[in-house]
Amino acid sequence: MTMPEMHTLTGAYAVDALSDVERAQFQRHLAECASCAQEVLELQMTATRLGAALAEDPPPELKRRVLAEAMATRQQPPKTRFEAGERVKDRRRTPRWAIAAVAAAVVGLAGTAVFGGIAYDNHSQLTAARERAAQYADRYAPVADVLSAADLRTGHAETSAGGGGTVMMSRAKDRLVFMAAQLPANEPGRTYQAWFMYPGAAPKPAGLISGGQDGALLVADGLGGAEKFALSVEQAGGSPTGSPSKDVVMVMSMPT
């Protein structure tokens, strides 16, 4: 496997989708490539946060129902040999967008748990569950879109106010996603505002995000030639001047 190919395996490694041989080769590569090691860490953190954000307590009766079904269901004996002509499943390498499949799977899993694994007592509960699953899917679809990009780049930055966040961006899709991590809560009447910063040009507003909500997402389109991403603290509703205030708490170069 060539060195350029090694750099494309970060997503597959992050979701444990490599064969044993490929995993061993990539682990040797990780020991020598700081950029791939950092990207794997960012992707694993992102997948974990997406899963945590979608976590939902099951109904109290779910455990009892599952145990009852397990006791009443006959288990199949383990298969010890393969029949003639039967093919063994091949764990082929999953491309970089495998990490996006994890996000989509998390959303799908929420829907499966809600609809297929839980026998709701009335129609209103089922309708509410479907609405929640649809909201989750809508919320995380832009994240999955960016994570599936062939030119995905990730980076993490801290703010001077504490906490920070992870940037996931794709120039090809002209989109950036910022996921907050321990970003301090805002004072009343204040909010964080994101900015795209360009060489020799005025900053461009990229959206608002509240503090105090770990895993809060900001999705911004229209990257253009932005070289930096920044956060400032502004009045509720955003900067009235269209430019960052003096209270800029984070400036990071776009990940490359």
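The residues on offer are GLY242, GLY165, and the sole one that is under 19 Å from the mean Cα position of the chain (by Cα) and in contact (Cβ under 8 Å) with a residue 12 or more places away in the chain is GLY165.
Checked against (1) farther than 14 Å from PHE178 by Cβ; (2) out of contact with any Lys or Arg (no Cβ under 7 Å at 6 or more places or on another chain); (3) open to solvent by 50 Å² or more (accessible area, probe 1.4 Å), GLN235 passes all but condition (2). Counting only strands (runs of 3 or more DSSP E) that fall entirely inside the range 163-228 and contain at least 2 residues that are over 19 Å from SER243 (Cβ atoms), the qualifying elements are 164-170, 175-181, 217-221. Restricting attention to the range 200-221, the residues being open to solvent by 20 Å² or more (accessible area, probe 1.4 Å), of a type in the set (Gly, Ala, Ser) and in contact (Cβ under 8 Å) with a residue 24 or more places away in the chain number 3. Going by the conditions given, is ALA149 in a loop (DSSP other than H, G, I, E, B), crowded, with 17+ Cβ neighbours inside 10 Å and touching a residue at least 24 places away in the same chain (Cβ under 8 Å)? Judged against the criteria, ALA149 is a match.
The values are calculated or read from the model by the stated rules, or taken from the named source; none is laboratory data. Keep in mind that what you see is a predicted model, and the values were worked out from it rather than measured. Please note: Cβ atoms are built from the backbone with ideal geometry, for glycine as well, and neighbour counts cover all protein chains shown. Protein only, heavy atoms only, side chains kept; ligands, DNA and RNA dropped before computing areas. Shrake-Rupley method; radii C 1.70, N 1.55, O 1.52, S 1.80 Å.
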